[in-house]
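See below for the structure under consideration.
The values are calculated or read from the model by the stated rules, or taken from the named source; none is laboratory data. All figures in this text were calculated on a predicted structure; none of them were measured in a lab. Backbone-built Cβ (ideal geometry, glycine too); neighbour counts: all protein chains shown.
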Amino acid sequence: MAGERILVVDDEPAISELVSEALKRQGFRVDTAADGDTALEKAESTLPDLILLDLMLPKLDGWEVCRRLKNQASTKRIPIMMLTARRDEREVIAGLEIGADDYLKKPFSLGELVARVKALLRRSAPDQASEKGVQIGPLKIDFVREEAFLSGNLLPLSPTEYRLLETLARHPGRMVSRDELLAKVWGYVVGDTRTVDVHVFRLRRKIETDPENPKLLHTVRGRGFRLDWEGNHEDPAR
């Protein structure tokens, strides 16, 4: 993995320079932007392989930049990692809700940043699945086209949401642990499993009629999650 183009968006020159140099040492090509307007312009003109996006930016904040990029056909598939110094989990969830694929809280080590960038690039790469797909109740997942349908309607899933759903769908009726999902979907050997919980929460809102009483995506308490229509299994699940 080398040569991928990364757009670093941060209005603090010292942080932008440190991050850029760390990425360049790993063989990445790096562009930078110090405000939201410039970030949009560079993302649309260079189509980077990944964007590191600070939330607190002049002109347009990171949330609005992310929202606009994810709503444009040419940029919606670009993975975005949000960088935030904020401690309010609701703001992190808000970023993930509008399409961000991951987040990293400041202060962070450059080693962790590089590792997570590589992991996000790996999981965002096209999957060469040989199976065509699977049907689970009203939910149909097309592994070849990387699309999911609920009762025949195309689901508006982010790349991360789709990969999470596909990982569960490849093991229908079986519990998949949070650690396993973290490794297969995010590429992390170790990490914060709350990332999994946040994305499951988002995914349920898209595939369940009543997310509080799921019929497809079930929680196996203290262990992980299972994708199964009606959940007729012995595991204590929600």
Scan region 164-218 residue by residue and report those that are β-branched (Val, Ile, Thr) and assigned to a helix (DSSP H, G or I). 167, 185, 195, 196, 198, 200, 207
Candidates 146, 212, filtered to the one that is acidic (Asp, Glu) and over 27 Å from residue 82 (Cα atoms): 212
Out of (1) of a type outside the set (D, E, K, R); (2) at pLDDT 90 or above; (3) out of contact with any Gly (no Cβ under 7 Å at 6 or more places or on another chain), the odd one out for residue 72 is which? (2)
Which residues, taken from region 186-210, are at pLDDT 90 or above and surrounded by 15 or more Cβ atoms within 10 Å (Cβ to Cβ)? 196, 198, 199, 200, 202, 203, 204, 206, 207, 208
Looking at residue 142 and the list (1) in contact with a strand residue (DSSP E or B) (Cβ under 6 Å, 6 or more places away or on another chain); (2) at pLDDT below 90; (3) not aliphatic (A, V, I, L, M), which single condition is not satisfied? (2)
So which strands (runs of 3 or more DSSP E) are wholly in region 1-116 and hold at least 2 residues that are crowded, with 19+ Cβ neighbours inside 10 Å, within 15 Å of the chain's Cα centre (by Cα) and not basic (Lys, Arg)? 50-54, 80-84, 102-105
